[in-house]
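What follows is a short report on a single structure.
The values are calculated or read from the model by the stated rules, or taken from the named source; none is laboratory data. All values reported here derive from a predicted model rather than from experimental measurement. We place every Cβ from the backbone using ideal geometry, glycine too, and count neighbours over all the protein chains shown.
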Amino acid sequence: MSFQLTDPAATLGLRLVAWHEHALDNRGDPAFLAELRSASYAQAATRNPTRDATIAGYGSLRERVGRSVKRFPPSPMALRGQFERRGELGSVGPAVDIYNLVSLTTGLSIGAHDLAAVQGGVRLDITRGDEAFLPLGSDEEKPVPAGEYAYLDDSDCVLCRLEYRQSAHTCLSEASRDCVFIVQGHADTPMADLVAAADRVSALLATHCGSRRGQVWQLG
């Protein structure tokens, strides 16, 4: 597959590390991640100015594309809010739980897509307003306005809108085996931080889900 950061998206300061994980085993009860959860929650409970500044940077991105942070909360902000309200994160499945915990402790946006549902390559681009998007949790497609940044495949299907909502088409399931993972930052995010988070997620996936890391893209 290919991965691209288009010039219009790059002008927003977007940067990312993406990589391919092969032979992922995403089955079973993620209860075995209890130790990882406990350590991550303890780390997240401490005041971390770097993490707070990282999360705030996604709010600045919202302003640049004219979207409300309150209406379209960036995923790291939403995870942080969930943790502050409940003292924990909801469990989805092993792979998603792993990257959500790393996102919680770093303040970085992290997501993944099942390559079986992706048509061709992936690009981070600016929307035209005529792309197809089926949000996770919905049973009908929703319009995506022009001028937002989004991940799209070669059929112009939106895989993720902003770092707010993923497509139901490409979300991970127990059957997911080959997936692309993405750690995305902004103009104030050092590439080294993105690489470190990606390495952490990939190492945890290898340990807990038995996957093998494939091609890596560093863009922005």
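For the range 5-47, the candidate set comprises residues that are among the polar types (S, T, N, Q) and surrounded by 15 or more Cβ atoms within 10 Å (Cβ to Cβ); within that set, the residue that is nearest to VAL216 (Cα to Cα) is THR6. Only residues that are more than 24 Å from ALA116 (Cβ to Cβ) and either more than 15 Å from the chain's Cα centre (by Cα) or buried (at least 21 other Cβ atoms within 10 Å of the Cβ) (or both): list them for the range 176-195, please. Listed by number, the residues that qualify are GLY185, HIS186, ALA187, ASP188, THR189, PRO190, MET191, ALA192, LEU194.
The set of residues in the range 36-83 that are modelled with pLDDT of 95 or more, charged (D, E, K, R) and farther than 19 Å from GLU163 by Cβ contains only ARG37. Residue-level check: of (1) part of a helix (DSSP H, G or I); (2) surrounded by fewer than 19 Cβ atoms within 10 Å (Cβ to Cβ); (3) of a type in the set (A, V, I, L, M, F, W, C), PHE72 misses just (1). For the residues ASP25, ASP29, the requirement of being out of contact with any Gly (no Cβ under 7 Å at 6 or more places or on another chain), charged (D, E, K, R) and closer than 27 Å to SER173 by Cα singles out ASP29. Summed over the range 135-175, residues that are crowded, with 18+ Cβ neighbours inside 10 Å and either more than 20 Å from MET77 (Cβ to Cβ) or of a type outside the set (Asp, Glu) (or both) total 21.
In this structure, is ALA150 modelled with pLDDT of 95 or more, of a type in the set (A, V, I, L, M, F, W, C) and in contact with a Cys (Cβ under 9 Å, 6 or more places away or on another chain)? So ALA150 fits the description; yes.
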